[in-house]
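Report on the following structure.
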Amino acid sequence: MRRLFPVAAEADDREWSLAELAEAYAYPEPGPGEPVAWLRANMVSTLDGAAQHDGRSQPISSAADMRIFGTLRALADVVVVGAETVRQEGYRPAKVRADFADLRAAAGQGPAPAIAVVSAGLELDFSLPLFTSPLVPTLVLTGAAAAPDRIAAAEKAGARVVVAGDGTGVEPARAVRALAGLGHTRLLTEGGPRLLGQLVAAGVLDELCLTVSPMLTAGDAQRIAGGPGVTLPQRYALVSLLEEAGFLFSRYRRS
């Protein structure tokens, strides 16, 4: 893997260790006062803008992409994901990563990040391991008007329901505040496109880690962010850029 930006004295084409990746993708240190949540997204896109192939992101990914995927998860307090992505990608509980155990302990984190599922209708299979046997209880973010029987089903399965909206839907800014109130300030979202679009539109996304896959798919696959557009494009600044086997691993922060 080569570092392309910031520019190094010499090209670095070796495989980066997990410790080096953890340092490269470290969350910013919080300032004085109350902890402030930092929300980053991790997404992959082909050269022609497809975020999925046949409904899943795995076909456009790579081994290096999965190393960074695992690193970003290991650094996070909680992984925020949309209900449709949970269904399509077959989400399971986050695993303990022995390589990051000391780092998480030093940061005051538990052994693995929690998964937080954003769902208005709570049409989820609560018999899945994501809900019944996670190392850390799964969170379900929903609105105050969600169906009481579905809330009860989630809680019976062992999930913790967090209300983050006055209606049936979830308000992104309120969800970020609710997670921070639970002590989760290092936030990571893995989409899908609908959820990421909502986060962008609400102006709560601090950072985007985007893998550009050297593939073309054509078709009508979703982009990494969907839904209504914003009034004015939001500007992000390039922080770093890595390359391996033609895959580009970019990191952008809100300007």
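Numbers for the structure displayed
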{"quantity": "Tabulated pairs, the stretch 137-157, first of a type in the set (Lys, Arg), second part of a loop (DSSP other than H, G, I, E, B), C-beta under 9 angstrom, 6+ apart or interchain", "calculated": "ARG150/SER119; ARG150/GLY121; ARG150/LEU122; ARG150/GLU123; ARG150/LEU124; ARG150/PHE126; LYS156/PHE126"}
{"quantity": "Condition check for THR71: open to solvent by less than 10 Å² (accessible area, probe 1.4 Å), over 25 Å from ALA201 (Cβ atoms) and at pLDDT 95 or above", "calculated": "yes"}
{"quantity": "Check on GLY183, farther than 20 Å from ALA24 by Cα, of a type outside the set (Phe, Trp, Tyr), in contact (Cβ under 8 Å) with a residue 24 or more places away in the chain and assigned to a loop (DSSP other than H, G, I, E, B)", "calculated": "yes"}
{"quantity": "ASP65 vs. criteria under 16 Å from GLY246 (Cα atoms) and of a type in the set (D, E, K, R)", "calculated": "yes"}
{"quantity": "Selection from the stretch 205-242 of residues that are surrounded by fewer than 20 Cβ atoms within 10 Å (Cβ to Cβ), among the hydrophobic types (A, V, I, L, M, F, W, C), touching a strand residue (DSSP E or B) at 6+ places or on another chain (Cβ under 7 Å) and assigned to a loop (DSSP other than H, G, I, E, B)", "calculated": "MET215, LEU216, ALA221"}
{"quantity": "Selection count, the stretch 119-149, where residues are of a type in the set (Val, Ile, Thr), open to solvent by less than 30 Å² (accessible area, probe 1.4 Å) and not in a loop (DSSP other than H, G, I, E, B)", "calculated": "2"}
{"quantity": "Yes/no for ALA116 being under 18 Å from LEU39 (Cβ atoms), small (Gly, Ala, Ser), part of a strand (DSSP E or B) and touching a residue at least 60 places away in the same chain (Cβ under 8 Å)", "calculated": "yes"}
{"quantity": "Subset of the stretch 12-66 that is in a loop (DSSP other than H, G, I, E, B) and of a type in the set (Ser, Thr, Tyr) - its residue that is least open to solvent (accessible area, probe 1.4 Å)", "calculated": "TYR25"}
{"quantity": "Given (1) modelled with pLDDT under 95; (2) more than 16 Å from the chain's Cα centre (by Cα), number of the condition GLU171 does not satisfy", "calculated": "(1)"}
{"quantity": "Which numbered condition ALA76 misses (of (1) farther than 19 Å from LEU199 by Cα; (2) out of contact with any helix residue (DSSP H, G or I) (no Cβ under 9 Å at 6 or more places or on another chain))", "calculated": "(1)"}
{"quantity": "Some residue of the stretch 197-204 being open to solvent by 30 Å² or more (accessible area, probe 1.4 Å), closer than 24 Å to GLN109 by Cβ and either out of contact with any Asp or Glu (no Cβ under 9 Å at 6 or more places or on another chain) or not aromatic (Phe, Trp, Tyr) (or both)", "calculated": "no"}
{"quantity": "Top-ranked residue of the stretch 74-101 - restricted to ones that are outside any helix (DSSP H, G or I) and not hydrophobic (A, V, I, L, M, F, W, C), ranked as surrounded by the most Cβ atoms within 10 Å (Cβ to Cβ)", "calculated": "ASP77"}
{"quantity": "Filtered residues of the stretch 150-168 (kept if of a type in the set (Gly, Ala, Ser), under 13 Å from VAL118 (Cα atoms) and not in a helix (DSSP H, G or I))", "calculated": "ALA159, ALA164, GLY165"}
{"quantity": "Matching residues, the stretch 102-118, being surrounded by fewer than 17 Cβ atoms within 10 Å (Cβ to Cβ) and more than 22 Å from GLU15 (Cα to Cα)", "calculated": "ALA105, ALA106, ALA107, GLY108, GLY110, PRO111"}
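The values are calculated or read from the model by the stated rules, or taken from the named source; none is laboratory data. Given the structure is predicted, the values throughout are model-derived calculations rather than measurements. Please note: Cβ atoms are built from the backbone with ideal geometry, for glycine as well, and neighbour counts cover all protein chains shown. When the accessible area is computed, the model is the full protein with side chains, heavy atoms only, and any ligands, DNA or RNA have been set aside. Shrake-Rupley method; radii C 1.70, N 1.55, O 1.52, S 1.80 Å.
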